[in-house]
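These notes are about the structure you will find just below.
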Amino acid sequence: MKKTSNFDFRNGEMLLFNKPLQWTSFDLVNKVRYLIRPSVNFEKIKIGHAGTLDPLAGGLMILCTGKKTKDIEKYQGFEKEYIATITLGATTPSFDLETTIDKEYEYSHINLENFEEILQKFLGTQEQLPTLYSAKKIDGVRAYTFARQGKEKEIKPSIIEIKELEVLDFQLPIVKLRVLCGKGTYIRCLARDIGFALQSGAYLSGLSRTRIGNYKLEYAYELSEFENLMRNI
């Protein structure tokens with residue numbers, strides 16, 4: 001999948017990147033735009049991404065340049081695979097580590113058997129209530145803007161599809177899951193809902209996107225790798 005030369009950013013390239021932790025999706029887009037500017041004689045060029053990752057999530061992102069930006073919607077519709085680390089027995093307001101723990105819960109009653117049984121209830125098409133800390137728009141404003149201002153806003157449920165859930169590691173209170181899902185699924189909201197279904201609490205303590213459609217993280221550029229490549233063109 002990777003290219004080593006003969007880029008044509010203006011006519012359009014589709015590029016795979018491993019987004020660093022603590023970076024926003026827009027940070028990545030801006031950095032890649034900066035790196036490719038010399039190859040287009042510092043002229044303006046369109047560049048966009050096909051699916052947001054939260055700052056505390058790493059992994060695969062698809063970036064499109066030039067005329068290929070018209071394909072972004074197609075890529076956004078592809079199924080996605082994640083490796084999610086869930087911590088049981090506590091919750092945070094954002095359902096991940098963006099905020100600190102606000103409540104603690106008993107989890108000694110949870111074992112692998114009842115955990116896997118609960119997972120079956122989350123397979124298929126369903127409603128999911130997004131977090132107010134998400135990039136969902138409310139009246140044209142990103143929901144996380146209100147959340148970080150301490151404002152309460154109503155956010156509507158979304159229809160999502162979860163296709164596969166597989167336990168990769170089970171060491172209470174930490175569970176690692178492989179999640180295969182459709183567009184618009186919030187994995188931290190899945191963590192929240194799993195915790196409540198287990199009569200406990202849970203939050204997302206780690207996340208990596210490993211696949212979008214047939215495109216895999218193992219074929220993605222590291223930023224340092226791409227930067228070196230641009231220097232040598």
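Checked against (1) free of Cβ contacts under 8 Å to residues at least 40 places away in the same chain; (2) crowded, with 18+ Cβ neighbours inside 10 Å; (3) more than 19 Å from residue 129 (Cα to Cα), residue 208 passes all but a single condition, namely (1).
Can you say whether residue 69 is among the polar types (S, T, N, Q) and more than 25 Å from residue 202 (Cα to Cα), as far as the supplied structure shows? In short, yes. Considering (1) in the same structural domain as residue 89 (by TED's automatic domain parsing); (2) under 29 Å from residue 8 (Cα atoms), the lone condition that residue 176 does not fulfil carries the number (2).
Residue-by-condition table, conditions (1) among the acidic types (Asp, Glu); (2) without any contact (Cβ under 8 Å) to a residue 12 or more places away in the chain; (3) under 30 Å from residue 40 (Cα atoms):
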| site | (1), (2), (3) |
| --- | --- |
| 142 | no, yes, no |
| 160 | no, no, no |
| 193 | yes, no, no |
| 199 | no, no, no |
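Each residue in the stretch 74-107 was checked for being touching a residue at least 60 places away in the same chain (Cβ under 8 Å) and assigned to a loop (DSSP other than H, G, I, E, B), and 13 pass.
Taking residue 90, is it of a type in the set (Gly, Ala, Ser), assigned by TED's automatic domain parsing to the domain that holds residue 176, at pLDDT 95 or above and surrounded by 21 or more Cβ atoms within 10 Å (Cβ to Cβ)? It is false that residue 90 is of a type in the set (Gly, Ala, Ser), assigned by TED's automatic domain parsing to the domain that holds residue 176, at pLDDT 95 or above and surrounded by 21 or more Cβ atoms within 10 Å (Cβ to Cβ).
The one condition from (1) more than 22 Å from the chain's Cα centre (by Cα); (2) buried (at least 21 other Cβ atoms within 10 Å of the Cβ) that residue 105 does not meet is (2). Residues being buried (at least 16 other Cβ atoms within 10 Å of the Cβ), free of Cβ contacts under 8 Å to residues at least 60 places away in the same chain and part of a loop (DSSP other than H, G, I, E, B) are represented in the stretch 18-31 by at least one member. I'm checking my understanding of the structure. Among residues of the stretch 32-73 that are polar (S, T, N, Q) and in a loop (DSSP other than H, G, I, E, B), which one is surrounded by the most Cβ atoms within 10 Å (Cβ to Cβ)? Out of the qualifying residues, it is 52.
Of the residues making up the stretch 186-233, those that are over 18 Å from residue 82 (Cα atoms) and touching a helix residue (DSSP H, G or I) at 6+ places or on another chain (Cβ under 7 Å) are 197, 198, 201, 223, 226, 227, 230, 233.
Restricting attention to the stretch 46-54, does a residue exist that is of a type outside the set (Lys, Arg) and more than 18 Å from the chain's Cα centre (by Cα)? There is at least one residue in the stretch 46-54 that is of a type outside the set (Lys, Arg) and more than 18 Å from the chain's Cα centre (by Cα). Between 52, 99, the distinction of being assigned by TED's automatic domain parsing to the domain that holds residue 19 and farther than 18 Å from residue 170 by Cβ belongs to 52 only.
The values are calculated or read from the model by the stated rules, or taken from the named source; none is laboratory data. For clarity, every value in this text was computed on a predicted model and none was experimentally measured. Counting neighbours? That spans all protein chains shown, and the Cβs are built from the backbone with ideal geometry, glycine included.
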